[in-house]
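Written out below as structure tokens is the structure these notes cover.
The values are calculated or read from the model by the stated rules, or taken from the named source; none is laboratory data. Everything quoted here is computed from the prediction, not taken from an experiment. Every residue, glycine as well, gets a Cβ built from its backbone with ideal geometry; the counts of neighbours run over all protein chains shown. Surface accessibility is based on the protein's heavy atoms, side chains included, excluding ligands, DNA and RNA. Shrake-Rupley method; radii C 1.70, N 1.55, O 1.52, S 1.80 Å.
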Amino acid sequence: MSHPESIFRNLPFLKILLLFSTGILFENLYDIPQPILITILICSGLTIVGFAFLRVEVKWKYIHWLFSCIILSIISLGTLKTKMASNFKKEIVTVKELCLLQILEINKSVGAGNKFTASVFEKNMCSWAYRGKCYIYTKSIEPFNEGDFLLSNSKLEIIKSLHNPGAFDFKKYCTLNGVFYTTFIRGQGEYYKVGKSISAMNEKIIYIRSYILQKLRTYIHDPTIIGIAEAMFIGYKNDLDPSLNQTYSNAGVSHVITISGMHLGLIYIMLNLILTFFIKKKQMSIISMVITLPALWLFAFTTGASASVMRSVIMYSFIILSKPLSRQNNSMNALLGAALLMIVHDPNVIYDLGFQLSFGAVLSILIFFAPIRNWVFAKNKLLAYGWSMIALTISAIIITTPLIIFHFQKFSTYSILNNLLIVPLSSMALILEIMLCLNPFDFLSKQIFAPGICFCIKSMNTYSSAMNNVPFSIIETPIIESFQLICIFLMILFLHLFLATKSKACIPILLACGCLLSIFHAANLFKREVDQIVILNLKNAGCILHQHGKYANIYLYGKWQHNKSSLVPAVEKASKFLGFTVQNRFDLGEKTLGLSNKDHSNNILLNGNTFKAMDLKKWMKKDCLFILDGTTQLWKIKQWSKDPQNLHLRFLHTGERGSFFTDCSEFHPSAVKK
């Protein structure tokens, strides 16, 4: 094993990355006031500058103070940058008056209308103040283009956390991307176009994307193929079939339809092969800087500049720039440098799943690929290539598997086998797509490139679907917390060090991590041993979960049978998240019902729209709260509030507040039916 000093000497970005990440962690755990951070930075900076004016013998005497100041300044910088840039700690302002919207992106069509991403500006004295981004939903197809400015009087709603236990957290996803509002534009009466502003670079990128999409759609007409082809080439997923996307995810090969390092690598290799054919080897490094580097960055921005793409293009930039500077290529240092630049630019990227999986996969390959490949030696070149592909797949999933289990609570059993076939097919399809778009001859596109693309993608679709039907293709896993994930990563690291160095010092650390993992798991099980009632937020239906530790009764009512395919998985996810394994289900039909404690003095659950204000008041003895779920429409609450006999009753609707949790000790009497 290399000495720690040599590791830090060979990987200079590692030291800075660890210190800056420590600053991000401090800001997430402790809310350190900004003036204190600025004071620390100023004092550390002045101390570092002051060292330059000291005599050499004095410098050596107090060298540890210099190192301490450098470490403290980098940690403080990471904390300050996170405090200033974090979307999760940003104060969301309610936009009440007329607002200015700038269209940033045209998203997938929603029903008969469209979905757009836009910047929000609010009038503030004599200027327009930026408030974040919003999603615009339209009732019909509106002629909005990227860069358009709209003056709108449509109400902006702040995105709320309405997800059920264990479900996708839409608010967290939006906050990560800087989106804080949603609005619905019903027609031309709610907006007025006041101008357009788009840079020449963005205009060029839009033109390239439009050209590629038009070229692919001209020669490929099968919707199941064109959706995969567009997603795989430029990351355009508006035409991607959601069920097919889920099929690839279940097969463990969703990375082939997400722009990543594999795509950048293929383009980098193709450009190098073409340039090598025309240019001498001595001039290759300079020409590569002039042609290959801009081409990779242009492709990155054309695909949307996602975290995984930016990680790849920055890595290749380090590799390309090191050649004319006569520097030795170090893939690990390039990876760490790319991660550092991305985190310094935007600390929020550390929460991005694409960044985590992309960074984790490449890091895993760099660490584990060579040792795993050396397990088997084959003289036959075909066998050696086959084993290299297997070793590459195994090494990539060592770090990404815990991340996938952490985020999705599932694991694709046959992902190694699936990648052996899907990755070569997707690589061939991508090369053919590039040649299709660059080729000026119509007959070549029709007779060779387009049929080749269709064959590759159709084979991928067929194989992925077939593997999804194989028994035990997906294994559901328990929910793991952040501390458990850290313990798993530490175990992987020290197990690798033990196998590589046979150092006995790794064994106590492995055992300690294993004990901590067991303790965290036991604590999670104990935390779920609760007695409670949970009312889920479902559309046009209701669900009551009455939990006693691992045992629960599930009551379904309303029109849940009409949306069974979507509602039942939501209930199952909530059951898994809450931790009960023994459950009984009861179908209460569509009858109107109310659930309250013995004296109707606390929370009262209502189901249905047929109650009147007088019905509610006969249940109310004290300042109680009426809880309504998806079986009661929001407009009904407004009607009740206008009822002349209403005594200002207090309502809480799951559609506005999300799932409702309450202690079940007072609710054990049976439901009151009307």
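Tally up the carbon and sulfur contribution to the accessible surface of the range 389-495 as a whole percent, 1.4 Å probe, everything protein left in place.
79 percent
Determine the shape class of the range 164-213: with a ≥ b ≥ c the square roots of the Cα gyration tensor eigenvalues, call it rounded for a/c under 1.5, and otherwise prolate if a/b is greater than b/c, oblate otherwise.
Oblate, because a/c is 1.5 or more while a/b does not exceed b/c.
How large, in percent, is the carbon and sulfur part of the accessible surface of the range 286-386 at a probe radius of 1.4 Å?
Here it works out to 68 percent.
Which value, in nm² and rounded to one decimal, describes the direction-averaged projected area of the C-alpha convex hull of the range 104-219?
Over all viewing directions, the range 104-219 projects a mean Cα-hull area of 9.8 nm².
Rank these residues by their accessible area, most exposed first, probe 1.4 Å: F580, F26.
Putting F580, F26 in descending order of accessible area: F26, F580.
Probe radius 1.4 Å, ligands and nucleic acids left out: which of W60, W297, W387, W65 has the largest accessible area, and how do the rest follow?
W60, W65, W297, W387
Note the listed values (1) 235; (2) 151; (3) 161, then indicate which one is volume of the Cα convex hull per residue in Å³ calculated from this particular structure.
(1)
Among the listed pairs K115/K410; K83/K172; K83/K573; K90/K204, which have their C-alpha atoms separated by more than 28 angstrom in this model?
Beyond 28 Å between Cα atoms: K115/K410; K83/K573; K90/K204.
Name the shape class, rounded, prolate or oblate, that the alpha-carbon gyration tensor gives for the range 165-313, where a ≥ b ≥ c are the square roots of its eigenvalues, rounded holds for a/c under 1.5, and otherwise prolate holds if a/b is larger than b/c and oblate otherwise.
Since a/c reaches 1.5 and a/b is larger than b/c, the shape of the range 165-313 is classed as prolate.
If you fit an axis through the alpha-carbon atoms of helix 12-29 and take the longest principal axis of the Cα set of the chain, what angle between them do you get, 0 to 90°, nearest 10?
The angle comes out near 10 degrees.
Excluding residues on the same chain fewer than 8 positions from K133, give the aspartates and glutamates whose Cα lies under 18 Å from its Cα.
Those aspartates and glutamates meeting the cut-off are E91, E97, E105, E122, E146, D148, E157, D169, D346, D352.
Could you order V568, V470, V534 so the one with the most accessible surface comes first? Probe is 1.4 Å.
Heavy-atom accessible area, descending, gives V470, V568, V534.
Could you provide, to the nearest whole Å², the per residue accessible area of the chain with probe 1.4 Å?
It amounts to 54 Å² per residue over the chain.
Under 12 Å between alpha carbons, and skipping anything fewer than 8 positions from K215 in its own chain: which aspartates and glutamates qualify?
The qualifying aspartates and glutamates are E230, E433, D442.
Can you give me the solvent accessible area of K204 with a 1.4 Å probe, rounded to the nearest 10 Å²?
Per-residue accessible area (K204): approximately 110 Å².
What angle, in degrees between 0 and 90 and rounded to the nearest 10, separates the Cα long axis of helix 381-408 from the longest principal axis of the Cα atoms of the chain?
For 381-408 against the chain, the angle is about 30 degrees.
Give me the one-decimal nm value for the distance between modelled label points at F411 and Q246, 7 Å along each residue's Cα-to-Cβ direction.
It works out to 2.3 nm between the two label points.
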